[in-house]
1. Under 9 Å between Cβ atoms, at least 6 apart or on separate chains: pull out the pairs that start in segment B:204-217 with a residue that is free of Cβ contacts under 8 Å to residues at least 12 places away in the same chain and over 18 Å from B:VAL67 (Cα atoms) and end on any residue that is open to solvent by less than 30 Å² (accessible area, probe 1.4 Å) and among the hydrophobic types (A, V, I, L, M, F, W, C).
2. Filter segment B:339-349 for residues that are open to solvent by 40 Å² or more (accessible area, probe 1.4 Å) and touching a Pro at 6+ places or on another chain (Cβ under 9 Å) and give the result.
3. For segment B:504-538, which positions are among the small types (Gly, Ala, Ser) and either assigned to a strand (DSSP E or B) or within 11 Å of B:LEU594 (Cα to Cα) (or both)?
4. Find all pairs meeting these conditions: Cβ atoms under 8 angstrom apart; at least six residues apart or on different chains; first residue within segment B:434-455 and over 14 Å from B:LYS396 (Cα atoms); second residue assigned to a helix (DSSP H, G or I) and open to solvent by 20 Å² or more (accessible area, probe 1.4 Å).
5. Which of (1) closer than 29 Å to A:ALA122 by Cβ; (2) assigned to a helix (DSSP H, G or I) does B:LYS266 not meet, given it meets every other one?
6. Pick from segment A:12-22 the residues that are within 16 Å of B:SER427 (Cα to Cα) and more than 7 Å from chain B (Cβ to nearest Cβ): which of them is farthest from the chain's Cα centre (by Cα)?
7. Give the residue that is most open to solvent (accessible area, probe 1.4 Å), with candidates limited to residues of segment A:539-568 that are closer than 20 Å to A:VAL505 by Cβ and part of a strand (DSSP E or B).
8. Of the residues A:ASP269, A:ASP331, which is modelled with pLDDT of 95 or more and in contact with a Lys or Arg (Cβ under 9 Å, 6 or more places away or on another chain)?
There are 2 protein chains.
Amino acid sequence: MDLAEELAAQQRSISVAEFFEKNKHLLGFDSPTRGIITTIKEAIDNSLDACEEAEVLPDIYVGIKRVDKDVYRIIVEDNGPGIIPKQVPYVFGKLLYGSRFHQIKQSRGQQGIGISAAVMYAQLTTGVPTVVISRTGHKSKAHRFEILIKTEQNEPQVLKDEEIDWDRMHGTRVEIEFKSTLAAKKKLIDYLRYTAVVNPHARIQADIDGEKYTYERAVEQAIVPPKAIAPHPHGIEFGQLKRMTDTSKDKVKDFLINGFSRVGEKSADEILGIAKIKPDRKASGLTSDELKVLLDAMQTVQIPPPPASVCLSPIGEESIVQGIDKEYELDFVRSKTRKSQVFSGHPFIVEAAIGYGGKLDGDGPGQLLRFANRVPLLYQQGACVITEAVSGINWKLYNLSQQGLPMGPVLILVHVASTNVPFTSESKDAIAAIPEIQKEITLALQELGRELKNFISRRDKNRQVEERARAVCAILPDIAAKVSEIVEKPVPDVTPLEAQIMRKVVVKKRVNNETGKTEIVINNFTRNAVTLTLYCMSPDNAADSLVKPDFTDTIGDEFNIVWKINVEPESSWKTEFSGTAHSTVSVRGVEEKLLVVVDLAGI
Amino acid sequence: MDLAEELAAQQRSISVAEFFEKNKHLLGFDSPTRGIITTIKEAIDNSLDACEEAEVLPDIYVGIKRVDKDVYRIIVEDNGPGIIPKQVPYVFGKLLYGSRFHQIKQSRGQQGIGISAAVMYAQLTTGVPTVVISRTGHKSKAHRFEILIKTEQNEPQVLKDEEIDWDRMHGTRVEIEFKSTLAAKKKLIDYLRYTAVVNPHARIQADIDGEKYTYERAVEQAIVPPKAIAPHPHGIEFGQLKRMTDTSKDKVKDFLINGFSRVGEKSADEILGIAKIKPDRKASGLTSDELKVLLDAMQTVQIPPPPASVCLSPIGEESIVQGIDKEYELDFVRSKTRKSQVFSGHPFIVEAAIGYGGKLDGDGPGQLLRFANRVPLLYQQGACVITEAVSGINWKLYNLSQQGLPMGPVLILVHVASTNVPFTSESKDAIAAIPEIQKEITLALQELGRELKNFISRRDKNRQVEERARAVCAILPDIAAKVSEIVEKPVPDVTPLEAQIMRKVVVKKRVNNETGKTEIVINNFTRNAVTLTLYCMSPDNAADSLVKPDFTDTIGDEFNIVWKINVEPESSWKTEFSGTAHSTVSVRGVEEKLLVVVDLAGI
């Protein structure tokens, strides 16, 4: 046997499951730590996609349970439309099997790889089959499967398939068990939180080895699901065109009109005119050379961009603000949804938001939240076009210091939605540096940056005004007392004076000299009723408060006492409780420029 | 039809060819510019691997020809063992088909994806079938194929298969035609050069759209091909172990000894003792739970590391130095091949080299050459563990300034050889940050850094000595003339005096006062013959030189005149040519400490 024969004997076909088993890091299974996050991400992607298609408000349960020293069981359950029994083994037990690969529309999952990879990872590290329960509606019973993957064939192996009773009307539950650790728990919680921010229509409950987390809906409306569109003439290559004509029964003009987005009578005639191809030729009869000319002509003719409003589903400015507001309590949030654009024939939309102040950490770099098709990107921040765009902006123009990222209590969110997000790797961690995308991100953030700058300058100015007002209010009672002493009259009520100084909501905290108690008074000098939340951080628990607090937290060894209060115009509210020590008050729910907080213990 | 049924109707299997056609950037086909480099890289990888297996000294031809405004034909031809006709369509027309995927040994290609992806890229962008010619020996005729890929099935489509006459006795030639540009020509030439450096046994000739490049062999010995080894007990997971036992006919003790590297009688007994499994049980009869216990026991027992010397093929310190020396002309090159190490059960070896001075650019950062399994890594330098290791070293300790990378005329080469190089992505651009690998790189470079530091200090000292000697030699003739004038004797020959001052090779350039010509004299005062290359950069072309130059280049508007000279001990060599202007001489081939260059026009 000569050498070529010998070498030939070793040649063989490799199944895609074998390939990804060996290269599991390409799918985000490069470490036990990451395995949990990747699996939950893939399962939630599928759940959210399915709920979207069914126009159901997603209700997702995530469970993580340690079942052995280094083995965890991951559970994800949704209220989606369910999967019909004969498909379940393929969806979970075969890589590269799915419904969204060939569709041109925005979706989280596309390749039909993710969840099967998790099943394979379980089989590889523990050998435990994955359990799937799915039910498609009240008329059918739920099915419970135990599934493995025949790696050499990339085909599912069903160990068990039984009908069971399940209290859910419809939905899917998957249980996967593999070697892992919870070392990256913080990252996992970040992932859930970020997912909640960009999917404000979803409710996510999690039980992470006993600890419960709930992310409530911020929006009570299901997303209108994006619809698949035909390819755009500017976004296809020769090979695709050839496959399309090969299987077409149309005449070439109808082929162009029916097969492509945005091609009508006029564009089709124009294309065929330039290509010098008769409109009534059969599309399947065109030679390779004719197809090349046709493809060139398709690129030459002006054709409107693909119908992004149909195939894309941006989150929307209002929902982004609500999502951020619910999860972070900030002094400033603005968001911007840009108009759709196109790269290489693929439509995309950039959305961005900037948040500032509140409880964000004022030291160090700001937070950057990256998203693609409503999915948080947690790894490879440095390799992502979003990071590149953010670092490329001169944030000093917007009153923020900068070291690559802007510094200080700032949060930046960027969402790229596309029918074809150009990820840098199959683990979908970072978006490639496509110039068109980078430009859109930059423009969105620059616009928001200008608004942030206005806010910061206004706040600084308000602070001055407020400080001046606060000084006047602080001194007024003393002046009144002094004057009353001199003129030997009773001390007058200075409140109307305060109101004259400023038509504002004045919150005053002081220690009452007579009772020795802490007193908080709110005067609404504006012309409208206000609804506000009053927070008092105190070493005392305010148990004897005149107005019972709505709730009381402990933070460290201090109490955070919270009242939710409605004050009519020209009215006031008051409470008093035992405690003289260093308490501080703060207020949310009143526009900053209308609010004066006079914390007399603090002065 | 309910929604689940509706969704099910859209589900389908995706072929791996479809997957990679849509995600071609994952394989390095993300831009026309990169397409050429990726294709040539994949083809050369295959050629070098095949030649290695056949123990043939590789002789590779690379051709790039523009055939239309944006269409290039890429040709790669080798003298390897050839591919038997019935395999050719699969090797080039089916993704995930190959011989090396399941073998545990160092090789360039592994997945059987690369070259088929190039065929697919051609079909996608131009529709032109790929031409493959292959011949396996003088007894068989060559076959010429025209191949496409049936994307939906990931199966080859053979348009033509004919026997032809081919003057090569054995080898393979591939011609691929796709849309591209030569915008990254510099990068392509870098790639060829780097490939030559780490494959000094290969000869590569390239014709890049008319420009010829040749990279000659530096080593005349074929590489001993690495051999596949059995998996190491510390490098497998449950799923793999289960597959191995499922197909084994051995008793469990023999299964361990035959199935794994480095497991002998003693280790096998020890493993089975800990696992409490009887040695004569059938391996295929073990339950999942028993396998888990067995796997744990395998991890517990001390087992020697995998036999790296068999399955890995490091380049070797000498070959690396020769490779670098041939392509760069440096003042200092040292290399280090570290002992083999293991990460997650995979053996690996780190080799490194540092070059300094010569024609390297003294401004800006040093050059970093990254290699994995003898393949240059050209992209994503920032994401690579090699870069991380280099930047993590304090180069100031070795007399180099540093801004991340060391600065100045320094070249750093790092080669990671492994049975399983942990690339960060399928395009194989960067190595993941495995701590074991990073540590080895750091240790190798630190050792070389110390040698470099010695060299730099010695050179600085030599420079002082040389400068002093040069000053003496320069003044000697004047002293002699003055003395002879005083004593009224003829001017003595001062050459023996120079020789006494230093047993060196003295190269002296001056303008002869009588003839007005440039004169270069070489005196070999050492006791050995020297062979050296003399370079003279001059605005004059030395056409009337007494000794005809071996060749003359032009660099900018200057001439670089080159003589290759042999000078016996105690002998001298001399030339003279017209030209008085600012010429400079330099010499290579003589140890620096033995060389004195006296450039009198330069003083």
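The values are calculated or read from the model by the stated rules, or taken from the named source; none is laboratory data. Predicted model, so just to flag it, every value in this text is computed and none were measured. Glycine gets a Cβ as well: all are built from the backbone with ideal geometry, and neighbour counts include every protein chain shown. Accessible surface is based on the protein model in full, side chains and every heavy atom, while ligands, DNA and RNA are left aside. Shrake-Rupley method; radii C 1.70, N 1.55, O 1.52, S 1.80 Å.
1. Here the result reads B:THR214/B:ILE204; B:THR214/B:ALA206, each pair linking segment B:204-217 to a residue that is open to solvent by less than 30 Å² (accessible area, probe 1.4 Å) and among the hydrophobic types (A, V, I, L, M, F, W, C).
2. Listed by number, the residues that qualify are B:SER340, B:GLN341, B:VAL342, B:SER344, B:HIS346.
3. If the condition is that a residue be among the small types (Gly, Ala, Ser) and either assigned to a strand (DSSP E or B) or within 11 Å of B:LEU594 (Cα to Cα) (or both), then B:SER538 is the only one that fits.
4. Once the first residue is over 14 Å from B:LYS396 (Cα atoms) and sits in segment B:434-455, its partners that are assigned to a helix (DSSP H, G or I) and open to solvent by 20 Å² or more (accessible area, probe 1.4 Å) give B:GLN438/B:GLU388; B:GLN438/B:GLY392; B:THR442/B:GLY392.
5. Only one criterion is unmet by B:LYS266, namely (1).
6. Selected residue: A:LYS22.
7. Ranking the candidates gives A:LYS564 first.
8. Unique residue meeting the criteria: A:ASP269.
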